[in-house]
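Heads up: the structure comes next, in structure tokens.
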Amino acid sequence: MTIDLTDLVDNPRETLDIELKQWLDLSDNVNRANLARHMAALCNHGGGYLVFGFCDDASIDPNRPASLQAYSHDAINGIVKRYLAPSLDCHVAGVESSAGVEYRIVRVPGHGATPVCAQRDGPQDNKGKPQGMRAGTYYIRAPGPESVPITSPEQWAALIRRCTLNDRDTLLREMAHVLHGGALPAPTTPIG
């Protein structure tokens with residue numbers, strides 16, 4: 001999916017591939033767990049974008065921080081490492097709108113042969129219920145749009161298909177490499 005990033009801030013909208021977020025305190029663990037849920041869902045959808053600085057109705061968030069340094073590559077990928085498995089590398093870009101205002105956009109890649117899962121719960125509320133995400137849960141994008149846990153066999157279909165196609169593409173590349181005289185790379189995990 002190739003998108004003009006300037007268009008995302010000049011014409012903000014939420015779709016299954018795009019999640020608008022207000023400016024958030026990224027040191028808050030509930031916010032971090034919620035972002036991790038959205039990143040997992042976007043990844044399991046095949047990839048997408050988190051666009052910071054907008055409300056759900058696509059209006060500009062008036063609570064812009066004085067500095068956007070909190071929205072760094074390291075901060076976003078720190079959230080990924082804490083909450084998601086397997087880990088993925090999100091790319092963070094500073095994008096200037098045609099009005100000259102800078103925003104942050106996170107490009108979330110699509111999953112490979114394995115879907116992304118929550119590896120830990122978000123912080124508990126006063127009733128002991130996890131906020132943001134639940135360990136062992138796979139999230140997807142659903143009409144609304146929203147990031148939701150998979151709760152039915154039908155919701156697994158597209159995700160399983162993408163996993164199978166990604167695995168097939170990897171196997172075909174490895175076979176082509178061997179057929180053209182190359183050796184297979186050493187396995188990264190023990191076999192057997």
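Taken together, the values in this text are just the output of simple stated rules run on the coordinates, not laboratory data. Just so it is clear, the model here is predicted, and its values are computed rather than measured. Note that each Cβ is placed from the backbone with ideal geometry, even for glycine, and that neighbours are counted across all protein chains shown.
Which ³J(HN,Hα) values in Hz, rounded to whole numbers, follow from the phi angles of region 19-31 under the Karplus curve 6.51 cos²θ - 1.76 cosθ + 1.60, where θ = phi - 60° and Gly and Pro get x?
10, 7, 9, 6, 5, 10, 7, 6, 8, 7, 5, 5, 4
Residue-wise, which Karplus ³J(HN,Hα) couplings in Hz belong to region 152-164, taking 6.51 cos²θ - 1.76 cosθ + 1.60, θ = phi - 60°, and x for glycine or proline?
Each residue's phi maps through the Karplus curve to give 9, x, 4, 6, 6, 3, 5, 5, 4, 4, 4, 4, 4 Hz.
log₁₀ I(q)/I(0) of the chain at q = 0.12 Å⁻¹, via Debye over equal Cα point scatterers, no solvent, to two decimals?
-0.64
What shape does region 76-127 have by the C-alpha gyration tensor, where a ≥ b ≥ c are the square roots of the eigenvalues, rounded means a/c under 1.5, and otherwise prolate means a/b greater than b/c and oblate the rest?
oblate
Using a 10 Å cut-off on Cβ atoms, rank the peptides 26-34, 147-155, 132-140 from the highest mean neighbour count down.
Top of the packing list down: 132-140, 26-34, 147-155.
Counting only helical runs of four or more DSSP H residues, what would the 222 nm mean residue ellipticity of the chain come to if each run contributes -39,500 (n - 2.57) and the total is spread over all its residues?
Helix-only estimate at 222 nm: -10500 deg cm²/dmol.
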